[in-house]
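Below: one structure, written as structure tokens.
Laboratory data are not the source of any read-out in this text; all were calculated from the coordinates shown. Quick caveat, the model's predicted, so the values are computed rather than measured. Every residue, glycine among them, receives a Cβ derived from its backbone with ideal geometry; neighbour counts consider all protein chains shown.
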Amino acid sequence: MKKVVFIGAGPGDPELITLKGKRYLEQADVVIYAGSLLNPQILNYAKPSAQLYDSAKMSLPEVLKVMVEGAKAGKLVARVNDGDPSFYGAIQEQMDALDKEKIEYFRVPGVSCLQGGAAALNRELTLPNITQTVIITRPAGRTPVPEAETISKLAAHLATMVIFLGTPHIARVVEELVKGGYPKDTPVSVVYKATWPEQKIVKGTLNDIVTKVKAAGITETALIYVGKVLNPQGYDLSKLYDPAFTTGFRKGEE
């Protein structure tokens, strides 16, 4: 019996899959990929004889059937997700099912679109004296959000916030952010399809981002970044490189 490998294939740029992820994808006999989100160029790494299945057109029982039958037939099965499936990846239910079938699996992490978007913006999401926290969340939709995790309640921290699946509801998202405590002049950036050739970035504030995003025609496949780090002013320099600061590798200047 072979194993199942869950591969995070990166945010879009086919070169952002890890070397390890690429190696297992090249070896896989069966490839189940998230066709609605994955850059199809990633599939060029699969061998010609690999059986390809687009999970966007499959239900959970259908995905599990392919996984289980493939592994029990002695095939290496690759479950390929966009970004990194550690959050909003819907893989826990798949791993639990594989546990019940006593099929071994392992994970190869990937570069998240969160990181891809931050790179596109050329921004560090945590800055001394600005914020040391990044909140990853999403607004309620068909999948509900716990009451304690509503955007307005999370916004009270005034940390950097990265909001998935929010552009279809961006007016409501902005309303909740302001209700939670972010000033209306808080910088906001929306990154559409980070690292893809068609990547698009819209920058503004909570005052005008809704109008700008609608004018750009962005309705999905985008992340909303919120916080002072997007227009950093008055942040402290890192102690790590402060000439007067002693670390385990360098003695500070007297």
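List of remarks:
- Among F164, F6, the ranking by other beta carbons within 10 Å of each residue's beta carbon, starting with the fewest, stands as F164, F6.
- The percentage of C-alpha pairs in segment 136-195 whose separation is greater than 18 Å is 28%.
- Based on Cα contacts under 8 Å between residues 6+ apart, the chain shows a relative contact order of 19 percent.
- Options Y105, L52, L76, ranked by Cα towards positive dipole end of segment 4-108, top entry (Cβ charges): L76
- Between 0 and 90 degrees, the angle of helix 60-72 with respect to the longest Cα principal axis of the chain falls at about 60 degrees.
- Cross-link pairs exceeding 22 Å between alpha carbons, from the set K22/K200; K22/K102; K22/K65; K47/K72; K184/K214: K22/K200; K22/K102; K22/K65.
- For segment 95-178, the Rg and Dmax computed from alpha carbons only, in angstrom: 16.6, 50
- Under 5 Å between amide hydrogens, built in the peptide plane, is the criterion, and for I130 it picks out D236 among residues at least 5 positions away or on other chains.
- Rg and Dmax of segment 113-230, based on Cα coordinates, read 13.0, 38 Å.
- Among the GluC sites (Glu not before Pro) found in segment 174-216, those both in a DSSP coil and sparsely packed, with 11 or fewer other Cβ atoms within 10 Å of their Cβ, are E198.
- For F87 and S49, the FRET efficiency from 1/(1 + (r/R0)^6), where r spans their Cβ atoms and R0 equals 41 Å, is about 0.80.
- Candidates G217, N231, I201 compared by Cα position along the dipole of segment 175-243: farthest toward the positive end lies G217, with charges placed on Cβ.
- Bins of 10 Å, starting at 0 and running to the largest distance - Cα pair percent for segment 4-108: 16, 55, 28, 1
- Rounded to the nearest 20 debye, dipole of segment 79-118 from Cβ charges on Lys, Arg, Asp, Glu: 60
- Normalised by 2.2 N^0.38 Å, where N counts its residues, the alpha-carbon radius of gyration of the chain equals 1.16.
- The chain - mean residue ellipticity at 222 nm from DSSP helices (-39,500 (n - 2.57) per run, n ≥ 4, rounded to 500): -7000 deg cm²/dmol
- Spatial extent of segment 88-130: Rg and Dmax, with the Cα atoms as the point set, Å: 16.8, 50
- Those trypsin sites (Lys or Arg not before Pro) in segment 183-214 that DSSP places in a loop and that have at most 16 other beta carbons within 10 Å: K184
- Segment 66-153: chymotrypsin sites (Phe, Trp or Tyr not before Pro) in DSSP loop, at most 12 other beta carbons within 10 Å: F87
- With a Förster radius of 35 Å applied to the C-beta separation of K203 and M58, the computed FRET efficiency comes to 0.40.
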